[in-house]
1. When region 123-151 is examined, which residues are found to be touching a residue at least 60 places away in the same chain (Cβ under 8 Å) and assigned to a helix (DSSP H, G or I)?
2. Given the criterion away from the ligand (no atom under 16 Å from the Cβ), under 19 Å from residue 51 (Cβ atoms) and out of contact with any helix residue (DSSP H, G or I) (no Cβ under 6 Å at 6 or more places or on another chain), identify the matching residue among 110, 101.
3. Would you check which residues across region 169-185 are buried (at least 23 other Cβ atoms within 10 Å of the Cβ) and farther than 12 Å from residue 58 by Cα and list them?
4. Taking residue 70 as the residue in question, decide whether it is at pLDDT 95 or above, in contact with a strand residue (DSSP E or B) (Cβ under 9 Å, 6 or more places away or on another chain) and more than 16 Å from the ligand (Cβ to nearest atom).
5. If you take the residues in region 152-168 that are over 16 Å from residue 57 (Cα atoms) and free of Cβ contacts under 8 Å to residues at least 24 places away in the same chain, which one is nearest to the ligand (Cβ to nearest atom)?
6. Are any residues in region 158-174 farther than 19 Å from residue 119 by Cβ and touching a helix residue (DSSP H, G or I) at 6+ places or on another chain (Cβ under 7 Å), and if so, which ones?
Ligand SMILES: [Zn+2]
C-alpha cells in the first residue's frame, strides 16, 4: 500500500504540470461482419465509454485526453478468408474500409479476436476485445483499455520499451510513462492538432 501512495505522490506533480490539457478527437468503430465472426466485436457503446475512461485515466499523467466524438457500427469488407490468415493484422487491416474515415480524428476500431492484442501502423488503431497479457504490479484492471492506451501511444510516436511496468511494454498491463515519453507524446499530440486546424 505504501508503494502505491508513494507512486501516486510522485505522479501528482507531473500530472499537475502538464498544461494545457491536449484533447484529441477519436472516432470509434465497432466492427461488424456476418462472414467473419472474429471481426465482429461484442463490445457495446457503454463498454467503449468505460474503456475510454480508463484510457484517459492512464493518459492523464501526460495531460492528454482522447475524446470520443462518435461511435459507429462499421461493416467489415467481405474479403476472401484464405487471402491471408484471418487473425493476421494485415488481413484485419485490409478488411477495414478505412477509405470512409474522416481525417480529423483518430479512428479506433474494435474487433473480437486477432493475433496481436492491437496494432497501429498508420490509420486506424485496431484493438482486440480479448487481449492476452501478463499482469504487472500497478497495472490496469481493464486489459482492453490498456491495449487501446498502448496503441494510442504508438499514434503519438512512442516506441516499445520493455521495462515491464511501462505502458509501451508489449503483452503486459503496465501503464507508466517516463518524462521523455510524456514530452514526446505531447509534442506529437500538438503536431496532430495543428495539422487538423489547417484548412
Ligand atoms: Zn505496441
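The values are calculated or read from the model by the stated rules, or taken from the named source; none is laboratory data. Predicted model only: the values in this text are computed from it and were never measured. Every residue, glycine among them, receives a Cβ derived from its backbone with ideal geometry; neighbour counts consider all protein chains shown.
1. Residues satisfying the conditions are 144, 145, 146, 148, 149.
2. Details: 101 fails: under 19 Å from residue 51 (Cβ atoms).
Result: 110 is the single residue among 110, 101 that is away from the ligand (no atom under 16 Å from the Cβ), under 19 Å from residue 51 (Cβ atoms) and out of contact with any helix residue (DSSP H, G or I) (no Cβ under 6 Å at 6 or more places or on another chain).
3. 185
4. Working: at pLDDT 95 or above: yes; in contact with a strand residue (DSSP E or B) (Cβ under 9 Å, 6 or more places away or on another chain): yes; more than 16 Å from the ligand (Cβ to nearest atom): yes.
Against the criterion (at pLDDT 95 or above, in contact with a strand residue (DSSP E or B) (Cβ under 9 Å, 6 or more places away or on another chain) and more than 16 Å from the ligand (Cβ to nearest atom)), residue 70 qualifies.
5. The qualifying residue nearest to the ligand (Cβ to nearest atom) is 160.
6. As a first pass, look at region 158-174 and keep what is farther than 19 Å from residue 119 by Cβ: 163-165.
Correct list: empty.
Residue by residue, here is whether (1) surrounded by fewer than 18 Cβ atoms within 10 Å (Cβ to Cβ); (2) farther than 11 Å from residue 175 by Cβ; (3) away from the ligand (no atom under 12 Å from the Cβ) holds:
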| residue | (1), (2), (3) |
| --- | --- |
| 134 | yes, yes, yes |
| 139 | no, no, yes |
| 146 | no, no, no |
| 150 | no, no, no |
